[in-house]
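Structure record follows, encoded as C-alpha coordinates.
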(Lines give C-alpha, C1' and ligand atoms only; values in the text may rest on other atoms or scores of the structure.)
Protein backbone atom coordinates (compact mmCIF):
# COMPACT_ATOMS: atom_id res chain seq x y z
CA UNK A 1 0.00 0.00 0.00
CA UNK A 2 1.53 3.33 -1.07
CA UNK A 3 1.45 6.46 1.09
CA UNK A 4 -1.59 7.93 -0.67
CA UNK A 5 -3.57 4.74 -0.19
CA UNK A 6 -2.41 4.62 3.44
CA UNK A 7 -3.71 8.13 4.12
CA UNK A 8 -7.00 7.30 2.38
CA UNK A 9 -7.33 4.22 4.58
CA UNK A 10 -6.63 6.30 7.70
CA UNK A 11 -9.30 8.81 6.64
CA UNK A 12 -11.88 6.05 6.16
CA UNK A 13 -11.12 4.41 9.50
CA UNK A 14 -11.04 7.75 11.34
CA UNK A 15 -14.52 8.56 10.05
CA UNK A 16 -15.78 5.13 11.11
CA UNK A 17 -14.34 5.34 14.63
CA UNK A 18 -15.60 8.88 15.19
CA UNK A 19 -19.07 7.89 13.99
CA UNK A 20 -19.11 4.80 16.20
CA UNK A 21 -17.97 6.83 19.21
CA UNK A 22 -20.76 9.35 18.71
CA UNK A 23 -18.66 11.99 20.42
CA UNK A 24 -15.10 13.23 20.68
CA UNK A 25 -11.92 11.15 20.67
CA UNK A 26 -8.44 12.29 21.55
CA UNK A 27 -6.03 12.22 18.63
CA UNK A 28 -3.79 9.87 20.57
CA UNK A 29 -6.63 7.41 21.16
CA UNK A 30 -7.79 7.66 17.56
CA UNK A 31 -4.28 6.93 16.27
CA UNK A 32 -4.08 3.90 18.57
CA UNK A 33 -7.43 2.58 17.33
CA UNK A 34 -6.42 2.97 13.69
CA UNK A 35 -2.84 1.82 14.22
CA UNK A 36 -1.18 4.78 12.55
CA UNK A 37 1.28 7.53 13.39
CA UNK A 38 0.25 11.03 14.46
CA UNK A 39 1.49 12.42 11.15
CA UNK A 40 -0.60 9.91 9.19
CA UNK A 41 -3.61 10.72 11.36
CA UNK A 42 -3.28 14.46 10.73
CA UNK A 43 -3.13 13.86 6.98
CA UNK A 44 -6.02 11.39 7.16
CA UNK A 45 -8.20 13.81 9.11
CA UNK A 46 -7.56 16.51 6.53
CA UNK A 47 -8.67 14.14 3.78
CA UNK A 48 -11.72 13.18 5.82
CA UNK A 49 -12.60 16.86 6.23
CA UNK A 50 -12.36 17.32 2.46
CA UNK A 51 -14.60 14.29 1.87
CA UNK A 52 -17.23 15.63 4.25
CA UNK A 53 -17.21 19.16 2.83
CA UNK A 54 -20.21 18.46 0.57
CA UNK A 55 -22.17 16.46 3.14
CA UNK A 56 -24.30 17.38 6.13
CA UNK A 57 -21.53 16.36 8.52
CA UNK A 58 -18.40 18.27 9.51
CA UNK A 59 -15.15 17.23 11.13
CA UNK A 60 -14.40 19.23 14.26
CA UNK A 61 -10.78 19.14 15.33
CA UNK A 62 -8.55 20.77 17.92
CA UNK A 63 -4.88 20.19 18.64
CA UNK A 64 -5.76 17.23 20.85
CA UNK A 65 -9.23 15.98 19.88
CA UNK A 66 -11.49 15.27 16.92
CA UNK A 67 -15.18 14.61 16.47
CA UNK A 68 -18.06 14.70 14.00
CA UNK A 69 -20.80 17.31 14.06
CA UNK A 70 -23.71 18.54 11.97
CA UNK A 71 -22.42 20.93 9.30
CA UNK A 72 -23.30 24.63 9.62
CA UNK A 73 -25.29 24.38 6.37
CA UNK A 74 -27.55 21.68 7.81
CA UNK A 75 -27.63 22.84 11.44
CA UNK A 76 -30.76 25.00 11.14
CA UNK A 77 -32.76 22.22 9.45
CA UNK A 78 -31.70 19.64 12.03
CA UNK A 79 -32.46 21.97 14.93
CA UNK A 80 -35.90 22.80 13.53
CA UNK A 81 -36.70 19.10 13.02
CA UNK A 82 -35.72 18.26 16.60
CA UNK A 83 -37.75 21.16 17.93
CA UNK A 84 -40.81 19.85 16.09
CA UNK A 85 -40.16 16.36 17.44
CA UNK A 86 -39.69 17.60 20.99
CA UNK A 87 -42.80 19.74 20.72
CA UNK A 88 -45.02 16.78 19.95
CA UNK A 89 -47.09 15.20 22.68
CA UNK A 90 -45.99 11.66 23.36
CA UNK A 91 -49.65 10.58 23.31
CA UNK A 92 -51.21 7.37 24.58
CA UNK A 93 -48.71 5.26 22.64
CA UNK A 94 -45.80 6.98 24.37
CA UNK A 95 -47.40 6.52 27.78
CA UNK A 96 -47.95 2.82 27.08
CA UNK A 97 -44.33 2.29 26.06
CA UNK A 98 -43.06 4.19 29.11
CA UNK A 99 -45.29 2.07 31.33
CA UNK A 100 -43.77 -1.09 29.84
CA UNK A 101 -40.24 0.19 30.37
CA UNK A 102 -40.99 1.34 33.91
CA UNK A 103 -42.75 -1.81 35.10
CA UNK A 104 -41.06 -4.44 32.94
CA UNK A 105 -37.59 -2.94 32.86
CA UNK A 106 -35.15 -2.80 29.93
CA UNK A 107 -36.85 -4.28 26.87
CA UNK A 108 -36.13 -4.80 23.19
CA UNK A 109 -38.32 -3.20 20.57
CA UNK A 110 -39.61 -6.64 19.60
CA UNK A 111 -40.70 -7.29 23.19
CA UNK A 112 -42.44 -3.92 23.40
CA UNK A 113 -44.13 -4.50 20.03
CA UNK A 114 -45.30 -7.93 21.19
CA UNK A 115 -46.88 -6.61 24.38
CA UNK A 116 -48.58 -3.67 22.65
CA UNK A 117 -49.44 -5.54 19.47
CA UNK A 118 -48.28 -2.71 17.20
CA UNK A 119 -45.04 -1.29 15.83
CA UNK A 120 -43.42 1.17 18.24
CA UNK A 121 -40.51 2.50 16.13
CA UNK A 122 -41.76 6.09 15.82
CA UNK A 123 -42.89 6.17 19.45
CA UNK A 124 -39.47 5.06 20.66
CA UNK A 125 -37.79 7.72 18.51
CA UNK A 126 -39.97 10.36 20.17
CA UNK A 127 -39.16 9.09 23.65
CA UNK A 128 -35.44 9.03 22.86
CA UNK A 129 -35.58 12.58 21.49
CA UNK A 130 -37.46 13.76 24.58
CA UNK A 131 -34.85 12.22 26.88
CA UNK A 132 -37.44 9.93 28.46
CA UNK A 133 -35.79 6.71 27.28
CA UNK A 134 -32.30 5.63 26.28
CA UNK A 135 -31.03 2.92 23.96
CA UNK A 136 -28.16 0.63 24.86
CA UNK A 137 -26.52 -2.50 23.51
CA UNK A 138 -28.19 -5.79 24.37
CA UNK A 139 -25.57 -8.02 26.05
CA UNK A 140 -27.61 -11.11 25.09
CA UNK A 141 -27.95 -10.26 21.40
CA UNK A 142 -25.67 -7.83 19.57
CA UNK A 143 -28.20 -7.55 16.72
CA UNK A 144 -30.72 -5.56 18.76
CA UNK A 145 -30.91 -2.85 21.40
CA UNK A 146 -32.44 -2.55 24.82
CA UNK A 147 -34.55 0.46 25.74
CA UNK A 148 -34.93 1.71 29.29
CA UNK A 149 -36.26 4.74 31.11
CA UNK A 150 -33.97 7.58 32.10
CA UNK A 151 -33.19 8.98 35.53
CA UNK A 152 -34.76 12.23 34.32
CA UNK A 153 -38.08 10.44 33.82
CA UNK A 154 -38.01 9.07 37.36
CA UNK A 155 -37.21 12.54 38.65
CA UNK A 156 -40.13 13.94 36.65
CA UNK A 157 -42.40 11.30 38.18
CA UNK A 158 -41.10 12.14 41.64
CA UNK A 159 -39.77 8.67 42.48
CA UNK A 160 -36.25 7.60 43.37
CA UNK A 161 -36.71 3.98 42.33
CA UNK A 162 -39.11 2.13 40.04
CA UNK A 163 -40.23 -0.01 42.97
CA UNK A 164 -41.83 3.15 44.38
CA UNK A 165 -44.20 3.41 41.41
CA UNK A 166 -47.95 2.92 42.11
CA UNK A 167 -48.93 -0.76 42.45
CA UNK A 168 -45.48 -1.79 41.22
CA UNK A 169 -45.55 -5.33 42.64
CA UNK A 170 -49.07 -6.02 41.37
CA UNK A 171 -48.50 -4.69 37.86
CA UNK A 172 -45.12 -6.37 37.39
CA UNK A 173 -46.65 -9.66 38.53
CA UNK A 174 -49.59 -9.31 36.13
CA UNK A 175 -47.24 -8.39 33.29
CA UNK A 176 -45.05 -11.42 33.97
CA UNK A 177 -48.14 -13.66 34.08
CA UNK A 178 -49.35 -12.23 30.78
CA UNK A 179 -46.03 -12.94 29.06
CA UNK A 180 -45.88 -16.46 30.50
CA UNK A 181 -49.42 -17.17 29.32
CA UNK A 182 -48.65 -15.84 25.84
CA UNK A 183 -45.53 -17.99 25.58
CA UNK A 184 -47.48 -21.06 26.68
CA UNK A 185 -50.21 -20.32 24.15
CA UNK A 186 -47.64 -19.87 21.42
CA UNK A 187 -45.98 -23.17 22.36
CA UNK A 188 -49.31 -25.00 22.33
CA UNK A 189 -50.19 -23.61 18.92
CA UNK A 190 -46.75 -24.52 17.67
CA UNK A 191 -47.17 -28.09 18.91
CA UNK A 192 -50.59 -28.25 17.29
CA UNK A 193 -49.19 -27.00 14.00
CA UNK A 194 -46.39 -29.56 14.23
CA UNK A 195 -48.96 -32.32 14.78
CA UNK A 196 -51.03 -31.15 11.83
CA UNK A 197 -47.95 -31.08 9.65
CA UNK A 198 -46.57 -34.42 10.82
CA UNK A 199 -46.11 -37.21 8.22
CA UNK A 200 -48.93 -39.23 9.80
CA UNK A 201 -51.31 -36.30 9.63
CA UNK A 202 -50.32 -35.55 6.03
CA UNK A 203 -50.91 -39.17 5.10
CA UNK A 204 -54.31 -39.09 6.78
CA UNK A 205 -55.23 -35.94 4.93
CA UNK A 206 -54.09 -37.42 1.64
CA UNK A 207 -56.19 -40.52 2.28
CA UNK A 208 -59.26 -38.40 2.99
CA UNK A 209 -58.73 -36.54 -0.26
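The values are calculated or read from the model by the stated rules, or taken from the named source; none is laboratory data. Keep in mind it's a predicted model, so treat the numbers as computed, not measured. Backbone-built Cβ (ideal geometry, glycine too); neighbour counts: all protein chains shown.
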The range 53-64, residues that are surrounded by 15 or more Cβ atoms within 10 Å (Cβ to Cβ) and within 25 Å of the chain's Cα centre (by Cα): 57, 58, 59
Kindly indicate the residue of the range 129-155 that is free of Cβ contacts under 8 Å to residues at least 12 places away in the same chain and in a helix (DSSP H, G or I) and also farthest from residue 178 (Cα to Cα) among those meeting that condition. 155
When you scan the range 22-51, how many residues do you find that are without any contact (Cβ under 8 Å) to a residue 24 or more places away in the chain and over 14 Å from residue 66 (Cα atoms)? 4
Given (1) more than 30 Å from residue 175 (Cα to Cα); (2) modelled with pLDDT of 90 or more; (3) under 21 Å from the mean Cα position of the chain (by Cα), number of the condition residue 100 does not satisfy: (1)
Kindly indicate whether residue 75 is more than 30 Å from residue 113 (Cα to Cα), surrounded by 11 or more Cβ atoms within 10 Å (Cβ to Cβ) and at pLDDT below 90. yes
What is the number of the single condition among (1) surrounded by 12 or more Cβ atoms within 10 Å (Cβ to Cβ); (2) more than 20 Å from residue 125 (Cβ to Cβ); (3) in contact with a helix residue (DSSP H, G or I) (Cβ under 7 Å, 6 or more places away or on another chain) that residue 38 does not meet? (1)
Residue check, residue 170 modelled with pLDDT of 90 or more and out of contact with any strand residue (DSSP E or B) (no Cβ under 8 Å at 6 or more places or on another chain): yes
